[in-house]
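In what follows, a structure is listed as structure tokens, so that the remarks can point back to it.
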Amino acid sequence: MKETSLDKIISLCKRRGFIFQSSEIYGGFGAVYDYGPLGTSLKNAISQRWMKAMTQMHENVVGLDSGILMHPKIWEASGHVGAFNDPLVDCKHCNARFRADELFEGNPDDGNWGEIQCPPCGTTGKLTEPRQFNLMFKTHVGPVEDDAAVAYLRPETAQGIYVNYLLVQGAMRLKIPFGIAQIGKAFRNEIVARNFIFRTREFEQMEMQYFVKPGRDEESMKSWKEERLNFYTDKLGIDSAKLRFQQHGEGELAHYAKEAWDIEYEFPFGWSEVEGVHNRTDFDLKQHQEHSGKNMQIFDQEANEKYFPYIIETSAGLNRMLLAILADAYWDDTENDRIVLKLHPSLAPVKAVVCPLVKKEGLPEIARKITDDLKSNFKVLYDQAGSIGKRYYRQDEMGTPYCITVDHQTSEDQTVTIRERDSQAQDRIGLDKLSEALSAKINDFSA
Ligand code: ATP
């Protein structure tokens, strides 16, 4: 099995325009990243695939795009104002800061903090007792910064779905069970943000909330668990040996959850969560009814009764999914002294590059024309800079699955070579069949 260090991935991401540190010219800004041209394209490809899997492939799952800023009472009702806390520990010697659960397993109040060693500086007896720290970013709406104007940047997209669910259900004439899917930014003032885009303060979630009749929740949980795990292998092409489920034990369950599973990927820094599949029960809807005074029960026409549905949530981090894809695709091809991103061709930001073998004898003109002919169907690039080997290797790092080369034979018999990224095998093909052949290759992998 290949081992890839995170540093190599970070360096490739910067070099090839996938991901940059935010505000780099000012020395960076804590745990925020900017997505470059290739990163944006890959991120969009993933989110479109997720939305398609959720809404196009399920007639009873529909999309939503709710606000990042919402009524502050939502966060009181959901429990985030009172309980969205991570206990925090500081080292008075080296000023390092940790989440208590990183240093002590179990209830932080039971930890003997005076005897725990600070990992970076090795000092014992300098750790503070854990303090509660709310992860929500607070802001003020309007000109006056008083308590009445407090608002929060949403720490999860789910609540936007809950507070709209009856409006969506009525407008779309949905019958239970049904789901609402949403992709959007979420913000958490993470205490320890690390591992590149794995844990950041601003990130994107792809959440689907499935509303079911109480009693049907366990079977629904089972089928969503299976479907979500399959998404990673079948729709993103991720190696199944690097994926697993981890169940939350009694002590780890969130205050709202009856059952919770994490889908974990084996990142270069170890197994870590990419997505959570949770049975959130009717907790949130009951809370919103209590806090808003509005009805949050659904009327089930078939059963002719009113009730609070149970909610099965599938909550994925788009950025973590992207990191898993990059880690899975990164290939140090030492035999050929090149780095390759073995991206699923249907996800690759650029599908093909068109290269004239030399910059003269009419080859650039032919290559330009081919680029123009292909560009309405695929994202293609034209490249004439440097030796052909260098051009191929540049594209290998970007994950481009095909290189099309125009050589002297092209003007004689209207054929070009297609080089495949991973095997480097080359085929000759007629120009009249090029677009069709590329489509077949890309769609062959397509989900
Ligand atoms: P963790 O235990 O890693 O903090 P969590 O259990 O708090 O994650 P959830 O609240 O279940 O995470 O959020 C659902 C998903 O949102 C996670 O599986 C993850 O992919 C993503 N996510 C959560 N926090 C972050 C973050 N700070 N940066 C990037 N993605 C995140």
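Summary table
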quantity	calculated
Distance in nm between pseudo-label sites at Lys286 and Gln426 (7 Å out along the Cβ direction from Cα)	6.9 nm
Accessible-area composition of segment 343-447, carbon plus sulfur, in percent [1.4 Å probe]	50 percent
Extension gain, Glu24 back to Asn85 (0.36 nm per residue minus Cα-Cα distance, nm)	19.0 nm
Cleavage-rule hits (trypsin sites (Lys or Arg not before Pro)) in segment 1-95: DSSP loop, at most 12 neighbouring Cβ within 10 angstrom	Lys2, Lys92
Solvent-accessible area per residue, Å², over the chain with all protein chains present [probe radius 1.4 Å]	48 Å²
Neighbour cut-off at most 15 other Cβ (10 Å), DSSP loop, GluC sites (Glu not before Pro), segment 120-220	Glu145
10 Å binning of all Cα-Cα separations within segment 174-289, expressed as whole percents from 0 upward	11, 37, 40, 11, 1
Summed side-chain charge close to Ala193 - residues other than Ala193 whose Cβ falls under 11 Å, Lys, Arg +1, Asp, Glu -1	+4
Around His58: net Lys/Arg minus Asp/Glu count, Cβ-Cβ under 13 Å	0
Segment 193-272: relative contact order in percent, alpha carbon pairs under 8 Å with at least 6 residues between	19 percent
Gap separating the Cα centres of segment 352-368 and segment 162-241, nearest whole Å	46 Å
Segments 399-406, 31-38 sorted - mean Cβ within 10 Å per residue, highest first	399-406, 31-38
Rg followed by Dmax, in Å, when segment 85-134 is reduced to its Cα trace	9.7, 28
Principal axis box of segment 336-443, alpha-carbon based, largest edge first, Å	33, 29, 21
Check: the chain dipole with +1 on Lys, Arg Cβ and -1 on Asp, Glu Cβ, in debye	1180 debye
Value in Å of the Kirkwood radius, where the chain supplies the Cα pairs that are averaged	24.7 Å
Bridge type composition, segment 85-134 - antiparallel percent by DSSP, nearest 5	100 percent
Rounded accessible area of Val141 (nearest 10 Å², 1.4 Å probe)	90 Å²
Cross-link pairs beyond the 22 Å C-alpha cut-off, checked among Lys390/Lys441; Lys379/Lys441; Lys14/Lys441; Lys52/Lys379	Lys390/Lys441; Lys14/Lys441
Candidate aspartates and glutamates - alpha carbon under 16 Å from Lys175, same-chain residues fewer than 8 apart omitted	Glu59, Asp217, Asp300, Glu302, Glu305
Residues whose placed amide H lies under 5 Å from that of Ala151, excluding near-sequence neighbours	Thr139, His140, Val141
Of all accessible heavy-atom area on segment 85-134, the percent that carbon and sulfur account for (1.4 Å)	41 percent
Computed label-point distance, nm, for sites Gln247 and His408 using a 7 Å Cα→Cβ extension	6.9 nm
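The values are calculated or read from the model by the stated rules, or taken from the named source; none is laboratory data. These numbers were taken from a predicted model, which means no experiment stands behind them. Cβ coordinates were reconstructed from backbone atoms using ideal geometry, including for glycine residues, and neighbour counts include every protein chain displayed. All accessible areas refer to the heavy atoms of the entire protein, side chains included, with ligands and DNA or RNA removed. Shrake-Rupley method; radii C 1.70, N 1.55, O 1.52, S 1.80 Å.
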